[in-house]
1. Give me, ordered by chain and number, the residues 5 or more places off LEU117 or on other chains with an amide H under 5 Å from its own placed amide H.
2. Quick one: compute the contact order of the chain, relative version, from alpha carbon pairs under 8 angstrom and 6+ residues apart, as a percent.
3. Rank LEU24, LEU65, LEU89 by mean-square fluctuation in a GNM of the chain with C-alpha springs under 10 angstrom and give only the top-ranked residue.
4. So what are the ³J(HN,Hα) numbers for segment 96-110, from phi and the Karplus equation (6.51, -1.76, 1.60; θ = phi - 60°), rounded to whole Hz, Gly and Pro as x?
5. Among ALA116, ALA19, ALA83, determine the one that fluctuates most according to a GNM of the chain built with springs between C-alpha atoms less than 10 Å apart.
6. With every protein chain left in place, what is the accessible area of SER52 in Å² (1.4 Å probe, nearest 10)?
7. Counting helices only, and only those DSSP H runs with n ≥ 4, report the 222 nm mean residue ellipticity of the chain as the sum of -39,500 (n - 2.57) divided by its residues, in deg cm²/dmol to the nearest 500.
8. Taking K and R as +1 and D and E as -1, what net charge do the other residues with C-beta under 14 Å from the C-beta of LEU67 add up to?
Amino acid sequence: MEMSVSDSLRQQAYAQAAAFVQTLDLRDPVALQRDWCLSPGVAGEVVDMLDSYFAANQALSLAPLALAFVPGKGGRPAVDVYATDAGPLGLECIMLADGKPGEATLHLEMSGHDGALRLHYRYIGS
């Protein structure tokens, strides 16, 4: 049985994911380490991965909140937030380049308690 995710929790997760993508847009491994507690090695790999999907001058973002959870082609929303059996929320976010969907999907997890969510980077894939 799939657990439902409340609109409030979905919006909190979106806000953190959008802030993370804003940092990704800087393509700065030091900012990823400082702002999101990524290790130096992982931060460098993330920037390298971005370079393999996007041109350096492309602005990275997520779909706007008003459209993020609306099912698109194939029935999946641009930002899919779901409960996992292990406890944290899972997120699959289609990354936009200059406002247009690309092939890269950002995979994240959110965990926390007492109403505070913490973002955990997993990977970027196609």
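The values are calculated or read from the model by the stated rules, or taken from the named source; none is laboratory data. Because the structure is predicted, anything quoted here is derived from the model rather than measured. FYI the Cβ positions are ideal-geometry reconstructions off the backbone, even for glycines, and counts take in every protein chain you see. With ligands, DNA and RNA removed, areas are computed over all heavy atoms of the protein, side chains included. Shrake-Rupley method; radii C 1.70, N 1.55, O 1.52, S 1.80 Å.
1. none
2. This gives 21 percent for the chain.
3. The residue with the greatest mean-square fluctuation here is LEU65.
4. Once rounded to whole Hz, the list reads 9, 10, 6, x, 10, x, x, 8, 7, 10, 8, 10, 9, 10, 10.
5. Most flexible of the set in this elastic network: ALA116.
6. Ignoring ligands and nucleic acids, SER52 comes out at about 80 Å².
7. -11000 deg cm²/dmol
8. Taking every other residue near LEU67 into account, the sum is +3.
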